[in-house]
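Have a look at the structure below before the remarks.
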Amino acid sequence: MRMVLADDEILSLQLMEQVIDWGSIGIEIAGLAKDGMEALALIKNTMPDLLVTDIRMPNMDGMELIRQALLIKPDLRIVIISAYAEFELAREAIRHGAQDYLLKPLDEDVLLTLVQGIRVQWLEQAEWEKEQLKLVRIAEERGMRDRLYAPVLTERESETITDKFRLTVIQAQSNTYNGHMLREQNSAGLSDNLKYSICNSLGAFLVKELLFEHHPGEWIAVVSGKATHEQIRQAAEEALINTGLLVVVGISGERNDLKEMPTAYHEALAAIKKRTTEDAGHIFAYPERGEHNPLIQQAKQFITENFNTDLSLEQICEKVNVSKNYFSTLFKKETGMNVWDFLSEYRMERAKELLVSTYLKNYEIALEIGYENPSYFTKTFKKWVGIGPQEYRVQHGRKA
């Protein structure tokens, strides 16, 4: 992982570079910058994974640096350094893309812990992206090469296949079959019997003959978006009956592009994970995209039930049992806003209700909706509503 450090205070910059043996924890210092312009040039030239920057610097301050840097490298992770008096500015920086902030004077242990945590996230993201790329590549390759059992489509039939598709995940359960564990025998029965049955049952719906074994005991079939959940269910049930194997099947929502396979794969898995092994032999469908997505609905419910606490993305993702990167992407795609905007919007709606229905003071309302700093609440309210809390209260029937 490569890191750029930026601070106009030379001693602080040297401290960050030298106080920790970065190489021992897998961090390479890509460069040091004394102002925002130098930092931006370093980012363009070295394309680092992490930027640690002071929020107050000459030539280009930290806020502008964040905006410019994310245009160059959207996945750049950013940590802001600020003085205590700039706390609210640091919070604003987080809203614009920074991951976290550190207060001066810097604490060596806090800095180390924070960077190590970000590196773990970075490694997880890299592994996730590697797996998803592998999934797409395997699908594309197997679609051309693996035709042993799949019915061969005519050229005319291929031309009529829509780009829309659903992903069907078939998993063998860790139960006995003919006296042996399926996974212990490397899914031998599944590899032959189930593949043959799947192709016979789902063949009419397969997109470009995409059927492949993702993991031992887990098969993935890409089926046409024209096929309804019910048609896929019936075909999958037929395959189950023909094999006699104890398996579960998850079906994703409709997707438009083969590059969306990773998302569809997670949807199909989510459909399966919501059930237990007692449901083996059943087929589970994942709802279409939109406001009825159960994972997003569950997350929204958790957020609205805990909106006045110090919520973290880790807590939300732990609740819905998905990774932070996947959840953040899905939430934005399904709702049109990021998680924190959704939380802020909900808090502001609650604040408006309290302003017109109670005589609570600003600082009391701030605490009620999860803000410890009344000034930050006032600033956020004005940003979302367009006017300050007191003005809103007067306009809507309550006087201070």
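Here, each number is a calculation from the coordinates, and none is a lab measurement. All figures in this text were calculated on a predicted structure; none of them were measured in a lab. So basically every Cβ, Gly included, is an ideal-geometry build from the backbone, and we count neighbours across all protein chains shown.
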Worksheet item: What relative contact order, as a whole-number percentage, does the stretch 1-69 give when Cα pairs under 8 Å and 6 or more residues apart are counted?
Response: 41
Worksheet item: Counting other Cβ atoms within 10 Å, which trypsin sites (Lys or Arg not before Pro) in the stretch 297-377 have at most 16 and lie in a DSSP loop?
Response: K361
Discussion item. On a full-extension model of 0.36 nm per residue, what is the gain between S12 and N59, subtracting their alpha-carbon distance, rounded to one decimal in nm?
Written reply: 15.1 nm
Discussion item. Defining a contact as two alpha carbons under 8 Å apart and six or more residues distant in sequence, what relative contact order in percent does the stretch 2-123 show?
Written reply: 22
Worksheet, complete the sentence: Distance in Å, no decimals, from the C-alpha centre of the stretch 4-80 to the one of the stretch 301-351 is 29
Worksheet entry | Around E305: net Lys/Arg minus Asp/Glu count, Cβ-Cβ under 15 Å | 0
Item to complete: Could you pull out the GluC sites (Glu not before Pro) across the stretch 338-400 that fall in loop regions by DSSP (anything but H, G, I, E, B) with no more than 10 other Cβ atoms inside 10 Å?
Response: E372
Practice prompt. Pop the C-beta distance of D21 and K164 into the FRET formula with R0 = 60 Å and round what comes out to the nearest 0.05.
Written response: 0.70
Worksheet entry | Computed E for S312/Q231 - FRET, C-beta separation, R0 30 angstrom, nearest 0.05 | 0.10
Worksheet item: Can you count the Lys pairs in the stretch 1-134 whose Cα atoms are under 26 Å apart, with each pair 8 or more apart or on different chains?
Response: 7
